[in-house]
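The values are calculated or read from the model by the stated rules, or taken from the named source; none is laboratory data. All values reported here derive from a predicted model rather than from experimental measurement. Cβ placement follows ideal geometry from the backbone for every residue including glycine, while neighbour counts extend to all protein chains displayed. The area values use the complete protein model at the heavy-atom level, side chains included, leaving out ligands, DNA and RNA. Shrake-Rupley method; radii C 1.70, N 1.55, O 1.52, S 1.80 Å.
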Amino acid sequence: MFVTFEGVDGSGKSTQARLLAEGLRADGREVVLTREPGGTSLGEDVRDLLLHGERIAPWAEAALFAAARAQLVDEVVRPALARGADVVCDRYLDSSLAYQGIARGLGVERVLELNLLVTSGLLPDRTFLIQVSPTEAAERRHDEPDRIEREGAAFAEEVDRAYRELARVFAQRVVVVDGTRNPQDIAETIRGRVRDLS
Ligand code: ADP
Ligand code: TYD
């Protein structure tokens, strides 16, 4: 199965992706844990451009995220799924829908169309949206802000609203999880929801 994690920066996605991968491995499953943007050599180069570069035009930004995603799907995700492994990914196309489609205003449908094209229509079996207020998420972060984090509080609020909207639109696929509890409790809730899938 293909499971993705979404949420504002600092919401606890990476922590939960790692805990889910560990839990599945403990059950004897093969798990590929990866992240976006990145996860491949090309993707990590694109990540560098996106997070540490100068101003990037909105559609250039959407196209670069899509390019990194196309490579990840082709090189990592599809081969892993084809051999029967589970794939756990920290961010996937919902990040583009929230950040580029809604917060940057490019339009969800157009950004979705681009992303379905470059992934040959690969959608996750389940997406966990880790819900933490942007203020609390910002307080959890201690590293240097990247180019997108430097957009500031209003942009983060917009991303938060965007994710809530996406959870309504894709209610069959997206599970909203309260991210304010302790990491182990959240991981247990997620593990329970994933068991329903496998
Ligand atoms: P993200 O991948 O969404 O940016 P991380 O998993 O890297 O988030 O977590 C951001 C910070 O918050 C880290 O310092 C992490 O240890 C901490 N953290 C993660 N989950 C929780 C939680 N449930 N409660 C409190 N702090 C958390
Ligand atoms: P990253 O450090 O991976 O996220 P986090 O801080 O949550 O651990 O940074 C990725 C940044 O790129 C983050 O601000 C979200 C943004 N992003 C997009 O705008 N669109 C996308 O499609 C993806 C995958 C990420």
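General observations
- Test set (1) among the β-branched types (Val, Ile, Thr); (2) away from ligand 2 (no atom under 16 Å from the Cβ); (3) open to solvent by 20 Å² or more (accessible area, probe 1.4 Å) - Ile102 fails condition number: (2)
- Residue match in the stretch 83-91 (condition: part of a loop (DSSP other than H, G, I, E, B), on the phi < 0 side of the Ramachandran plot and within 13 Å of ligand 2 (Cβ to nearest atom)): no
- Under the condition of being open to solvent by less than 30 Å² (accessible area, probe 1.4 Å) and more than 16 Å from ligand 2 (Cβ to nearest atom), the residues counted in the stretch 170-190 number 4.
- Test: residue in the stretch 128-138 that is under 26 Å from Val87 (Cβ atoms), among the polar types (S, T, N, Q) and not in a helix (DSSP H, G or I): yes
- Tabulated pairs, the stretch 14-30, first in contact (Cβ under 8 Å) with a residue 60 or more places away in the chain, second open to solvent by 50 Å² or more (accessible area, probe 1.4 Å) and part of a helix (DSSP H, G or I), C-beta under 8 angstrom, 6+ apart or interchain: Thr15/Pro183; Gln16/Pro183; Leu19/Pro183; Leu19/Gln184
- Among the conditions (1) of a type in the set (Phe, Trp, Tyr); (2) touching a Pro at 6+ places or on another chain (Cβ under 9 Å); (3) surrounded by fewer than 21 Cβ atoms within 10 Å (Cβ to Cβ), Phe65 misses just one, which is (3).
- With respect to (1) near ligand 2 (Cβ under 10 Å from one of its atoms); (2) exposed (fewer than 15 other Cβ atoms within 10 Å of the Cβ), the lone exception for Ile148 is condition (2).
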